[in-house]
Amino acid sequence: QAFPSARSFQVDYECNCFLKDGVPFRYISGSIHYARVPRPAWRDRLIKMYMSGLSAVQVYIPWNYHETLPGVYDFVGNRDVEAFLDLTAELGLLVILRPGPYICAEWEMGGLPAWLLWKPDIILRSSDPAYLAAVDSWLHVLLPKIKPRLYQHGGNIISVQVENEYGSYYACDYGYLRHLLGSFRSLLGSEVLLFTTDSTGAEELRCGTLQGLYATIDFGPGSNVTEAFDAQRRVEPKGPLVNSEYYTGWLDYWGEAHASTSAAWVARGLEDMLQLGASVNMQVSPFLLFTLLPWSGADYKDQYKPVTTSYDYDAPLSEAGDPTKKLFAIRTVISKFQPLPVGPTPPATPKYAYGRVALRKYADLLDVLDVLCPSGPIQSQFPLTFEAIKQAHGFVLYRTQLPRDILDPAMLGAPPHSICDRGYVMLQKEYQGMLERYGQMTLRVTGKEGDTLDMLLENMGRISFGANVSDFKGLLGNISLDSIPLSNWLIYPLAIDTAVQQGWPHAAMPKSSCRGRAGPAFYTGTFETPGVAWDTFVKFPGWSKGQLWINGFNLGRYWTHCGPQQTLFVPGSVLYVGRPNNITVLELEEAPLTPLLLFLDRPLFNRTLGCSTSATE
């Protein structure tokens, strides 16, 4: 602190290394997503990373997590990124910062706010003036919080990544990268090390790199380490070798097998890189976010592939923060190259199997629209997207009436890819079935003129990686009956999360319902903890698809007949001791005959039964 001018972190192009305060330096780092970790667990996770031998952590900042509406910022509670960064410094960890504006991270829209799509023709991640204006506004709020925490100013942030894997995006807009470089330099100063990260393909490195930004690469344990770093050398002939994202595991998509990567394979790849003197950042610590639901993203790889609620990633630290064999294998490799901190790695957090909890049906969703949409519906001749009505996440209900008697079954359908992402269809409040983005696009229906037709549209997560992240939600085209478009819609933007956070429906009287188990409906129950509030995992025996809240905290989606994820992680920090814990379930398709939840002391991931979903078509 006394001699800030002596503090420096820079590239030595002569000796092909980093220099920290003028001394050659190599970092071994791990990624952590503060937005996916309950704030009470931040310290535990960071200590475990430090004790595993890491000298640094890589920290992602999701723009949409903090600027929820244009000019509306949230940096409190779980979103207090400054408190998180200060905690990393307190614990002796350096920070590699990834502030975006695009971060990927399997996060909704790669961290870009959905409200950017209020301008339908905006070109994201480009020199589009509308996009750049929003980016500049955000960076002018965020980066002044970062500057005093830079290493040169006495803080612990040694480098800052600009954008992320931009070479994998179709735009290849050097003007955009130059604009970001200018903004970061203007707001952070000339001394901070700015860098890019891209995969090792020649085209990706051509479009993702820019003079003035140090070029790093990313690859996993299946890659040939020498060939991968040769790719970096083609764009960065001198300077340190850096793998900025070494994949220690992989994400899960709904409807596919749980991904896993062997500990021995990961350790061998790490050792090969460290022997070459490379700096490495590993995907070490991706955890579940306890208010996750709006934030799971999706990939686009020839089709839409939504990511599961859990971000366990087969990581060295599990979503519950537990050390795994992979962590100890990594720790052993690190010990060959640098001393480990003295002392044991903290143990796994205690878990508790609270057992069975009976639920009862509270109400069908269609019977509580007054609570879920207090401002009432929007009238429109034809359907409007989520973005057109300024609804970012969750659900929107579209309602119209049958224009004529339908005695013989008629085809209810939509143009290809215009149901984004799943539509649950009710006629006269009776569940008819489901339409989806890349699956079933038609249903046969019968009814009378004037009968009410409802479609509940679910956003399963905006694309975070792929050809285009402009992923509009809701009904993107007309719904037709035997090819004749239906008109005169009432559109209800539903604020389910807000209602549940405010205590509904536990603070309200139950609704009487004579309808059965099919279709979107709310179920409630309570349970008490036996004097301790420990982490737990909840299983959904016999349930179909929906989401769970406990004590108003949105714990994410379940989709039992699709898989692979079969349990949701419940951090002990969301549970009460000495008073009832309120459970709310929104089941979308069909509830079991005996509605109950099962609380376990371990997760269940790898069970894919196959499902009709865009993830598996």
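The values are calculated or read from the model by the stated rules, or taken from the named source; none is laboratory data. This one's a predicted model, so the numbers in the text were calculated from it and none came from an experiment. Positions of Cβ are generated from backbone atoms using ideal geometry, with glycine treated the same way; all protein chains shown enter the neighbour counts. These area figures cover heavy atoms from the full protein model, side chains too; ligands, DNA and RNA do not enter into them. Shrake-Rupley method; radii C 1.70, N 1.55, O 1.52, S 1.80 Å.
Below is a table of values for the structure above.
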| item | result |
| --- | --- |
| Label corresponding to Cα extents along the principal axes in Å when calculated from the structure given, among (i) 88, 84, 65; (ii) 89, 56, 42; (iii) 81, 56, 42 | (iii) |
| LEU604 versus SER137: modelled label distance in nm, points set 7 Å from Cα along the beta carbon direction | 4.7 |
| Under-5 Å amide H pairs with HIS33, H placed in peptide plane, nonlocal only | PHE287 |
| Accessible carbon and sulfur surface of the stretch 375-494 relative to its total accessible area, %, 1.4 Å | 49 |
| Cα centroid of the stretch 328-372 to Cα centroid of the stretch 391-441, whole Å | 36 |
| Along principal axes, Cα extents of the stretch 375-494, largest first, whole Å | 45, 33, 22 |
| The stretch 1-160 - Rg (one decimal) and Dmax (whole number), Cα, Å | 17.0, 52 |
| Gain in span if fully extended, THR446 to ALA358, counting 0.36 nm per residue against the direct Cα distance | 28.1 nm |
| Relative contact order of the chain, defined on C-alpha pairs under 8 angstrom at six or more residues apart (%) | 15 |
| Sparse-neighbour loop sites [GluC sites (Glu not before Pro); the stretch 413-504; at most 12 other C-beta within 10 Å; DSSP] | GLU449 |
| Integer Hz, Karplus 6.51/-1.76/1.60 couplings in order for the stretch 335-347, x for Gly and Pro | 5, 6, 10, 7, x, 8, x, 6, x, x, 5, x, x |
| Gain in span if fully extended, GLN428 to GLN379, counting 0.36 nm per residue against the direct Cα distance | 15.7 nm |
| Per-pair calculated FRET efficiency, R0 = 25 Å: ASN224 and ASP302 via Cβ, rounded to 0.05 | 0.45 |
| Computed E for ARG404/LEU69 - FRET, C-beta separation, R0 41 angstrom, nearest 0.05 | 0.50 |
| Label-point separation, GLU82 to ARG268 (7 Å along Cα→Cβ), nm | 4.8 |
| Length added when fully stretched, GLU528-ALA130, from 0.36 nm per residue minus Cα-Cα | 138.2 nm |
| The stretch 115-123 - phi-based ³J(HN,Hα) in whole Hz, Karplus 6.51/-1.76/1.60, Gly and Pro as x | 5, 4, 7, 4, 9, x, 9, 4, 9 |
| Cross-link partners of LYS448 among lysines (Cα-Cα below 24 Å; sequence separation of 8 or more within a chain) | LYS429 |
| On Cα atoms only, tilt of 81-90 relative to the major axis of the chain in degrees | 40 |
| Amide H contacts of ASN582 (H built 1.01 Å from N, under 5 Å, at least 5 apart or other chain) | ASN551 |
| GLY100 long-range amide H proximity, modeled H, under 5 Å | ILE61, GLU163 |
| Protection proxy ranking, peptides 24-33, 403-412, average beta carbon neighbours within 10 Å, highest first | 24-33, 403-412 |
| Accessible surface of the stretch 1-115 [probe 1.4 Å, protein heavy atoms]: carbon and sulfur percent | 56 |
| Positive-end residue of ILE334, PHE382, LEU366, charge dipole of the stretch 327-387 with Cβ unit charges | ILE334 |
| Value in Å of the Kirkwood radius, where the stretch 9-336 supplies the Cα pairs that are averaged | 19.9 |
| Calculated from backbone phi, Karplus (6.51, -1.76, 1.60) coupling profile of the stretch 595-602 in Hz, x at Gly/Pro | x, 8, 10, 10, 9, 10, 9, 7 |
| Antiparallel %, DSSP beta bridges [both residues in the chain], to 5 | 70 |
| Normalised contact order of the stretch 9-336, rounded percent, pairs of Cα under 8 Å and 6 or more residues apart | 20 |
| Spatially proximal aspartates and glutamates relative to LYS336 (Cα-Cα < 13 Å; intrachain offsets below 8 disregarded) | GLU271, ASP272 |
| When each of LYS48/LYS147; LYS119/LYS473; LYS48/LYS539 is checked by Cα-Cα distance, pairs over 23 Å | LYS48/LYS147; LYS48/LYS539 |
